[in-house]
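Please read the structure below before turning to the comments.
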Amino acid sequence: MSGIGPSLRPDTLLVVKSTVIPGTAAQLKQLVDAVRSDTAIAVASNPEFLREGSAICDFTEADRIVIGADDARSEAVLREIYRPSPAAASPWSQAKPSMPN
């Protein structure tokens, strides 16, 4: 985080795309805040469930979209990213991770 932290704009949304253990977003947020305590950079989660050899199909024809966001702006940004994709018609599942303030 110390490498990219100084380059982040104040309105940056960091999105964790990997399927990771619970608490990863909170740890990332703590790292961000330690490097950039002057601004509120958001962290959200959007894991992909892609099978080897069919990743493009799994993305464009997703059977679900999972997001984890603590604030409405982060959720809106993620939904906007998917809006032009056929995957936007897939069911959405939203988790509200518990991140320290």
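Among residues of segment 60-87 that are modelled with pLDDT of 85 or more, those with a Cβ under 6 angstrom from a residue that is acidic (Asp, Glu), sequence gap 6+ or separate chain, pair up as Ala69/Glu75. Residues that are within 20 Å of Leu50 (Cβ to Cβ) and β-branched (Val, Ile, Thr) were ranked within segment 1-30; the one that is modelled with the lowest pLDDT is Thr19. Based on what the data block shows, is Val43 under 20 Å from Leu8 (Cα atoms), touching a Leu at 6+ places or on another chain (Cβ under 8 Å) and not in a helix (DSSP H, G or I)? Answer is yes for this residue. Within segment 28-46, the set of residues being closer than 30 Å to Ala62 by Cα and loosely packed, with under 15 Cβ neighbours inside 10 Å is empty.
For Glu48, the criteria (1) outside any helix (DSSP H, G or I); (2) within 15 Å of the chain's Cα centre (by Cα); (3) under 17 Å from Ser7 (Cα atoms) hold in every case but one, which is (3).
Would you tally the residues in segment 8-23 being among the charged types (D, E, K, R) and either in contact (Cβ under 8 Å) with a residue 60 or more places away in the chain or more than 19 Å from Val35 (Cβ to Cβ) (or both)? Don't jump to the end; show me each part of the working.
Let us first name the residues in segment 8-23 that are among the charged types (D, E, K, R), namely 9, 11, 17.
Checking the rest, the ones that are also either in contact (Cβ under 8 Å) with a residue 60 or more places away in the chain or more than 19 Å from Val35 (Cβ to Cβ) (or both) come to 17.
Residues in segment 8-23 being among the charged types (D, E, K, R) and either in contact (Cβ under 8 Å) with a residue 60 or more places away in the chain or more than 19 Å from Val35 (Cβ to Cβ) (or both): 1 in total.
For segment 51-89, the candidate set comprises residues that are within 16 Å of the chain's Cα centre (by Cα), outside any helix (DSSP H, G or I) and of a type in the set (Asp, Glu); within that set, the residue that is surrounded by the most Cβ atoms within 10 Å (Cβ to Cβ) is Asp70.
The values are calculated or read from the model by the stated rules, or taken from the named source; none is laboratory data. Because the structure is predicted, anything quoted here is derived from the model rather than measured. Note that we place each Cβ from the backbone using ideal geometry, even for glycine, and neighbour counts take in every protein chain shown.
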